[in-house]
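For reference, the structure is listed below as structure tokens.
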Amino acid sequence: MSTKTPISTSSEWTFDSLKQYDAEIARIAADFGLDTYPNQIEIISSEQMMDAYASCGLPVYYHHWSFGKQFLSIEKHYKRGQMGLAYELVINSNPCIAYLMEENTTMMQILVIAHACYGHNSFFKNNYLFKAWTAADAIIDYLVFAKHYIAECEQRYGEDAVEEILDSCHALMNYGVDRYRKPSPLSAHEERQRQKERAEYLQSQLNELWRRTVPEKTTRTEEKADRYPSEPEENLLYFIEKNAPLLEPWQREIIRIVRKIAQYLYPQRHTKIMNEGWATFWHYTIMQRLYDEGLVTDGFMLEFLEAHTNVIAQPPFDHDFYNGINPYALGFAMYRDLQRICQNPTEEDRRWFPEIAGSDWLETLDFAMRNFKDDSFIAQYLSPQVIRDFHLFSVLDEEADDELEISAIHDEGGYQAIRHALSEQYNQGSLEPDIQVWSVNTRGDRSLTLRHSQHQRRPLGDSAEEMLRHIHRLWSFKVRLETVDPHGRVKACHECG
């Protein structure tokens with residue numbers, strides 16, 4: 001029985017009480033071996049939270065009309081009671097910046113500190129995607145640089161001209177990341193130092209490229225030119241930044257800024273379940289430890305359990321509020337299940353997970369957190385127990401059939417199929433159309449050809465024409481988008497320009 005007394009008994013928090021809670025949570029987190037960046041906790045109003053919401057959760061961002069539009073939409077729904085705000089926002093930076101709403105109760109502030117400052121924080125610092133694809137040390141400085149640079153461009157070239165470029169870049173943001181090669185680290189200082197030098201060098205290279213490839217009235221035009229680029233390029237914004245014939249240096253710099261920020265946000269799209277599940281697991285574990293040590297009251301825990309239950313609620317598929325699988329619910333359930341498999345494995349667990357059944361649960365969870373993303377995490381660790389708990393089943397939608405087929409349910413014969421199907425559902429490579437730069441007509445009309453490789457015969461959506469218009473705005477010459485089958489045969493073609 002603990003002899004400690006609760007740090008506070010009121011639902012009204014003070015800065016002193018938050019400091020005491022934070023110190024205790026840091027101690028408990030260290031006991032569990034959580035490795036985190038230093039924390040920077042800031043208390044903000046609901047207005048400031050809505051503002052951060054509207055700008056991708058980033059604390060410093062350049063101005064764009066779409067953020068204002070998003071802010072007004074959030075404000076309207078929030079004030080009408082049609083939506084709630086997150087209790088926190090946390091930034092993948094070093095130090096890790098966490099924003100807490102000042103309207104939160106004491107319990108909610110403590111939950112958020114445990115969730116964001118130690119759960120998300122340790123995930124940001126240690127997961128391989130965040131380590132390889134983001135630069136926590138430099139992101140805030142880079143955002144400041146980007147904000148100032150774009151503000152200068154608005155003054156020099158006009159808001160409309162800058163917004164046009166940003167509109168197109170934002171539309172193509174998901175096609176501005178390197179998925180397979182590690183990007184160069186962010187450094188606002190180097191960006192400022194090398195900005196002019198880079199612009200001059202790039203323009204000289206472009207002048208040389210297009211001078212050599214301009215159409216000539218000689219027999220050389222009949223020679224077969226090598227395809228350019230020699231290999232398909234997946235990063236559309238990178239290719240446009242480096243090769244578009246008519247862009248000004250400041251326009252190339254804006255494209256570079258947008259794709260750098262897209263790269264920073266890229267790991268978050270791949271780790272929604274893992275990241276939220278990890279933070280939820282640790283806020284739950286830390287709060288339990290606080291209670292066991294007598295640092296919080298019974299009333300505090302009842303309020304916490306109600307909030308936690310709401311966070312991990314998973315409506316059934318036929319419920320009015322069903323909106324897909326709740327990443328908090330699935331991620332939390334999987335980490336808890338891993339802990340159970342390590343501590344109290346069943347015969348089924350030993351057959352499915354012989355390498356981790358009965359192992360040290362802290363080491364097992366730490367390894368899982370560091371080395372996977374959502375699709376591979378599910379493929380590796382989704383157990384029959386979780387499949388049964390969530391009543392998961394697989395639906396087969398064949399193009400040639402008029403009816404849907406339930407191809408697998410949560411039984412012995414369906415576990416593997418459901419695990420594979422759910423893993424594919426979180427594979428970003430199969431969710432977004434695979435569109436890459438295929439070629440540029442360097443000796444003719446300078447048209448740009450993109451190729452879309454179909455995944456499971458899935459056609460492009462209605463937004464394809466709009467996407468082409470944005471690419472055309474940046475490229476300035478004709479753009480062609482070809483859809484090809486697995487044999488490379490062109491099945492459909494869209495053109496713009």
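The values are calculated or read from the model by the stated rules, or taken from the named source; none is laboratory data. These numbers come from a predicted model, not from an experiment. Reconstructed Cβ throughout: ideal geometry from the backbone, glycine too, with neighbour counts over all protein chains shown. All accessible areas refer to the heavy atoms of the entire protein, side chains included, with ligands and DNA or RNA removed. Shrake-Rupley method; radii C 1.70, N 1.55, O 1.52, S 1.80 Å.
For the range 327-348, what are the residues that are open to solvent by less than 20 Å² (accessible area, probe 1.4 Å), closer than 26 Å to Gly413 by Cβ and either of a type in the set (Gly, Ala, Ser) or at pLDDT below 95 (or both)? The one that is open to solvent by less than 20 Å² (accessible area, probe 1.4 Å), closer than 26 Å to Gly413 by Cβ and either of a type in the set (Gly, Ala, Ser) or at pLDDT below 95 (or both): Ala329.
With the requirement that a residue be surrounded by 12 or more Cβ atoms within 10 Å (Cβ to Cβ), more than 30 Å from Glu75 (Cβ to Cβ) and small (Gly, Ala, Ser), what does the range 11-44 give you? Within the range 11-44, Ser17, Ala26, Ala29, Ala30 meet the criteria. Is it the case that some residue within the range 153-172 is modelled with pLDDT under 90, closer than 28 Å to Arg469 by Cβ and acidic (Asp, Glu)? No: zero hits.
For the range 123-140, which residues satisfy the criterion of being closer than 19 Å to Val258 by Cα, open to solvent by 30 Å² or more (accessible area, probe 1.4 Å) and part of a helix (DSSP H, G or I)? Hits for the range 123-140 are Trp133, Ile140. If you filter the range 459-497 down to residues that are part of a loop (DSSP other than H, G, I, E, B), touching a residue at least 12 places away in the same chain (Cβ under 8 Å) and charged (D, E, K, R), you find that the one that is farthest from Cys169 (Cα to Cα) is Asp485.
When the residues of the range 445-457 are filtered to those that are outside any strand (DSSP E or B) and surrounded by 13 or more Cβ atoms within 10 Å (Cβ to Cβ), which remaining residue is farthest from the chain's Cα centre (by Cα)? Per the stated criteria, the residue is Arg446.
Residue-by-condition table, conditions (1) touching a Phe, Trp or Tyr at 6+ places or on another chain (Cβ under 6 Å); (2) surrounded by 18 or more Cβ atoms within 10 Å (Cβ to Cβ); (3) of a type in the set (A, V, I, L, M, F, W, C); (4) touching a residue at least 40 places away in the same chain (Cβ under 8 Å):
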{"residue": "Ser46", "(1), (2), (3), (4)": "no, no, no, yes"}
{"residue": "Gly68", "(1), (2), (3), (4)": "no, no, no, no"}
{"residue": "Ser73", "(1), (2), (3), (4)": "no, no, no, no"}
{"residue": "Ile113", "(1), (2), (3), (4)": "no, yes, yes, yes"}
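Inspect all residues belonging to the range 432-446 and state whether any of them is small (Gly, Ala, Ser) and free of Cβ contacts under 8 Å to residues at least 60 places away in the same chain. The answer is no, given that none of the residues of the range 432-446 is small (Gly, Ala, Ser) and free of Cβ contacts under 8 Å to residues at least 60 places away in the same chain.
If you take the residues in the range 1-56 that are charged (D, E, K, R) and under 22 Å from the mean Cα position of the chain (by Cα), which one is nearest to Gln288 (Cα to Cα)? It would help to see each step written out before you state the result.
Pass one, the range 1-56, residues charged (D, E, K, R): 4, 12, 16, 19, 22, 24, 27, 31, 35, 42, 47, 51.
Applying the additional criterion that residues be under 22 Å from the mean Cα position of the chain (by Cα) yields 35, 51.
Values: Asp35: 20, Asp51: 33 Å.
The selected residue is Asp35.
For the range 51-59, check the following and say yes or no: at least one residue is open to solvent by 30 Å² or more (accessible area, probe 1.4 Å) and over 28 Å from Tyr149 (Cβ atoms). No: the range 51-59 contains no residue that is open to solvent by 30 Å² or more (accessible area, probe 1.4 Å) and over 28 Å from Tyr149 (Cβ atoms). Scan the range 422-430 and give yes if some residue there is out of contact with any Cys (no Cβ under 7 Å at 6 or more places or on another chain), within 14 Å of Leu330 (Cα to Cα) and aliphatic (A, V, I, L, M), otherwise no. Yes, the conditions are met somewhere in the range 422-430. His120 satisfies every condition listed in (1) open to solvent by less than 20 Å² (accessible area, probe 1.4 Å); (2) over 18 Å from Ala52 (Cα atoms) except (2).
Working only within the range 141-166, note down all residues that are among the hydrophobic types (A, V, I, L, M, F, W, C), surrounded by fewer than 20 Cβ atoms within 10 Å (Cβ to Cβ) and within 19 Å of Gln263 (Cβ to Cβ). Once the filter is applied, which keeps residues that are among the hydrophobic types (A, V, I, L, M, F, W, C), surrounded by fewer than 20 Cβ atoms within 10 Å (Cβ to Cβ) and within 19 Å of Gln263 (Cβ to Cβ), the range 141-166 yields only Val144.
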